[in-house]
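Read through the structure below, which is laid out as structure tokens, and then see the notes.
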Amino acid sequence: MTQFLPPNLLALFAPRDPIPYLPPLEKLPHEKHHNQPYCGIAPYIREFEDPRDAPPPTRAETREERMERKRREKIERRQQEVETELKMWDPHNDPNAQGDAFKTLFVARVNYDTTESKLRREFEVYGPIKRIHMVYSKRSGKPRGYAFIEYEHERDMHSAYKHADGKKIDGRRVLVDVERGRTVKGWRPRRLGGGLGGTRRGGADVNIRHSGRDDTSRYDERDRDRDRERERRERSRERDKERERRRSRSRDRRRRSRSRDKEERRRSRERSKDKDRDRKRRSSRSRERARRERERKEELRGGGGGDMAEPSEAGDAPPDDGPPGELGPDGPDGPEEKGRDRDRERRRSHRSERERRRDRDRERDREHKRGERGGERGRDEARGGAGGGGQDNGLEGLGSDGRDMYMESEGGDGYLAPENGYLMEAAPE
């Protein structure tokens, strides 16, 4: 496979040159014998210096002692410089201190990127500004972080002194105070050992955390106010969380209530549908029973001879829905039979108006047919009386209705069939 590789890759598989042969050493370096053997220092003790002639030992300065010494020297030099500058310092003759001192506002802790125009825009809300003097370093030319603002009116300076302290400008909260160099007797600036702050008194054990235009009690009160505000915000957040939990629980309850109401409405609709279905089924059964009952009555009224029983004076009893020959547990007049009668009466009372109209129309047709048959029989009797020589068959004293009942109940020479309204002849004997 390697014979198909290109020469540059095939050279990678070529063997290296064999290791050259070197003759072995006779002895290793640590095995060789030295010409002079090791010995002690006793022969050289007489060459040492006499301890009585040696200088006293000097104590070396430790790192902590050196740092403390440098700090003391720095403090001493700074005290000398402050004393020298304090003799030369006179704020009333300072060429940079111009304008009315009682209209001038001192602004400290200014962001190094804040410009004079930015300061003017922020402090013009309290009144018209006459002059702004920003202090820069003489060596580097960079801003020192404080400025003096002179207002046109003293009341505007007092308003800014009262409301602008702690205002955030370019991400930093500024400190606002009056110009104390020319207004307070014996005042000294911070660089000369004065000022109001206590952050440069020494180490962390003596420095005051806050500095400003008033005493430290003001900042203690501010700390207490800040703590109270923090506690108020925490309580507010807790109340908001509790309110949100109550709202979520209320939403869950409303959601569950809506689901229960929805399920109840669905079940109610299903029950209503079942009731409608049962009502329609009962109505159809009632109509079917009524139809069968009417057919039986018509058969009883239309049947002749002794085969069919005549209806009683009280009316035809409704037939039983059960199969013939079967009675209830208490006989034909038992509670089950009475209950079925009540059900049939209730179903019969719930028949629709359409069924009632249909029954009335059928009854009207029957009455009309009976009237026509009665007229025909009257004419036949008149003709029979004229041809028969005044034979009395016992029907002259009856009216048309009586003759109709007699013809329907009589099974002699002929009878009137209720099915078609024609007079039927009796079957020959």
FRET efficiency estimate (nearest 0.05) - Cβ-Cβ, S140 to D227, R0 41 angstrom
0.55
Take peptides 178-185, 2-9 and line them up by average Cβ neighbours within 10 Å, highest first, as a rough protection proxy.
178-185, 2-9
Long-range amide H partners of D170, meaning residues 5 or more apart or on another chain whose placed amide H is closer than 5 Å, are none
Could you tell me which of rounded, prolate or oblate describes segment 21-130, using a ≥ b ≥ c as the square roots of the eigenvalues of the alpha-carbon gyration tensor, with rounded for a/c under 1.5 and, failing that, prolate when a/b is larger than b/c and oblate otherwise?
oblate
Ordered by residue, what ³J(HN,Hα) values in Hz, to whole numbers, does segment 287-300 give under the Karplus form 6.51 cos²θ - 1.76 cosθ + 1.60, where θ = phi - 60° and Gly and Pro are x?
5, 5, 5, 4, 5, 5, 5, 4, 4, 5, 4, 4, 5, 5
What lysines sit close enough to K262 to cross-link, taking a C-alpha to C-alpha distance under 25 Å and skipping anything fewer than 8 places away on the same chain?
K273, K275
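Would you mind checking the pairs K74/K167; K138/K167; K167/K241; K74/K138; K103/K162 and listing those with alpha carbons more than 25 angstrom apart? Write down the numbers at each step before the final one.
Details: K74/K167 37 Å; K138/K167 28 Å; K167/K241 32 Å; K74/K138 22 Å; K103/K162 14 Å.
Exceeds cut-off: K74/K167; K138/K167; K167/K241.
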In sequence order, what are the phi-derived ³J(HN,Hα) couplings for segment 174-190 according to the Karplus relation 6.51 cos²θ - 1.76 cosθ + 1.60 with θ = phi - 60°, rounded to whole Hz, with x for glycine and proline?
8, 10, 10, 8, 7, 7, 8, x, 9, 10, 10, 6, x, 6, 10, x, 5
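Largest first, what is the accessible-area ranking of H368, H153 with a 1.4 Å probe?
I get H368, H153, largest accessible area first.
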In nm, to one decimal, how far is the R260 label point from the A11 one, both placed 7 Å along Cα→Cβ?
9.1
Highest-first arrangement of 61-67, 146-152, where packing means the average Cβ count within 10 Å:
146-152, 61-67
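The values are calculated or read from the model by the stated rules, or taken from the named source; none is laboratory data. Computed from a predicted model, the values in this text were never measured in an experiment. Glycine also receives a Cβ, built like all others from the backbone with ideal geometry; neighbour counts cover every protein chain displayed. Quick note on the areas: whole protein, heavy atoms, side chains included, nothing else; ligands and nucleic acids left out. Shrake-Rupley method; radii C 1.70, N 1.55, O 1.52, S 1.80 Å.
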